[in-house]
Amino acid sequence: MSGRFDCCLQFITMPLKNLIVRSKVASMISRLRRKHLTIVFTNGVFDILHRGHVEYLARAKKCGEVLIVGLNSDSSVRRLKGPLRPLQKQRDRAAVLLALEAVDYVIIFGEDTPEKLIQSVKPDVLVKGADYKISEIAGAQFVKSYGGEVKRIRLTKGQSTSDILKRVRKS
């Protein structure tokens, strides 16, 4: 296959250069800080990417200049969501996120919460969905402690992975 499909094949086979391993987080953040960029952080499972996710991530990106997404590892998803999840492997979920215009970097974390990762990133803005109270957002107190902002973003009504999975199971 060649010609007009070459660009598509390159995406499928290219390395995920903006998938950052934990050992490289400090150097990446240092580079971003030297450029005086506003760093936004959010996190989630992003198992079945849907319109709600895309709109949420676009809104999160508008809170700053660089959007970093903490992505739950496969093992943490199983602990949090049960043995039937995730439906897609972490590297595949990361690839889909990185294909979105709003997402600049993805970092996979294996803990049940992104608290330690947030402490490493030290974002200027921590974003979570409005379905969370500030007191329920992992890392919120830490971010506030150094003057960072914690923002809750309105979710797209009727769009959730749980709802999609319920509809699939019914059919």
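Could you say whether any residue in the range 56-68 is without any contact (Cβ under 8 Å) to a residue 12 or more places away in the chain and either farther than 17 Å from Lys116 by Cα or within 9 Å of the chain's Cα centre (by Cα) (or both)? The answer is yes; a qualifying residue exists. Number of residues in the range 139-155 that are more than 13 Å from Cys63 (Cβ to Cβ), in contact with a strand residue (DSSP E or B) (Cβ under 8 Å, 6 or more places away or on another chain) and at pLDDT 95 or above equals 3.
The set of residues from the range 20-41 being outside any helix (DSSP H, G or I) and either of a type outside the set (Lys, Arg) or in contact with a strand residue (DSSP E or B) (Cβ under 7 Å, 6 or more places away or on another chain) (or both) comprises Ile20, Val21, His36, Leu37, Thr38, Ile39, Val40, Phe41.
Right, Thr161: within 23 Å of Val54 (Cα to Cα), crowded, with 18+ Cβ neighbours inside 10 Å and at pLDDT below 80 or not? Against the criterion (within 23 Å of Val54 (Cα to Cα), crowded, with 18+ Cβ neighbours inside 10 Å and at pLDDT below 80), Thr161 qualifies. Hey, any hits in the range 121-129 for a residue that's modelled with pLDDT under 95 and not aromatic (Phe, Trp, Tyr)? Within the range 121-129, one or more residues are modelled with pLDDT under 95 and not aromatic (Phe, Trp, Tyr).
The values are calculated or read from the model by the stated rules, or taken from the named source; none is laboratory data. Treat the numbers as computed from the prediction; the structure is a model and nothing was measured. Backbone-built Cβ (ideal geometry, glycine too); neighbour counts: all protein chains shown.
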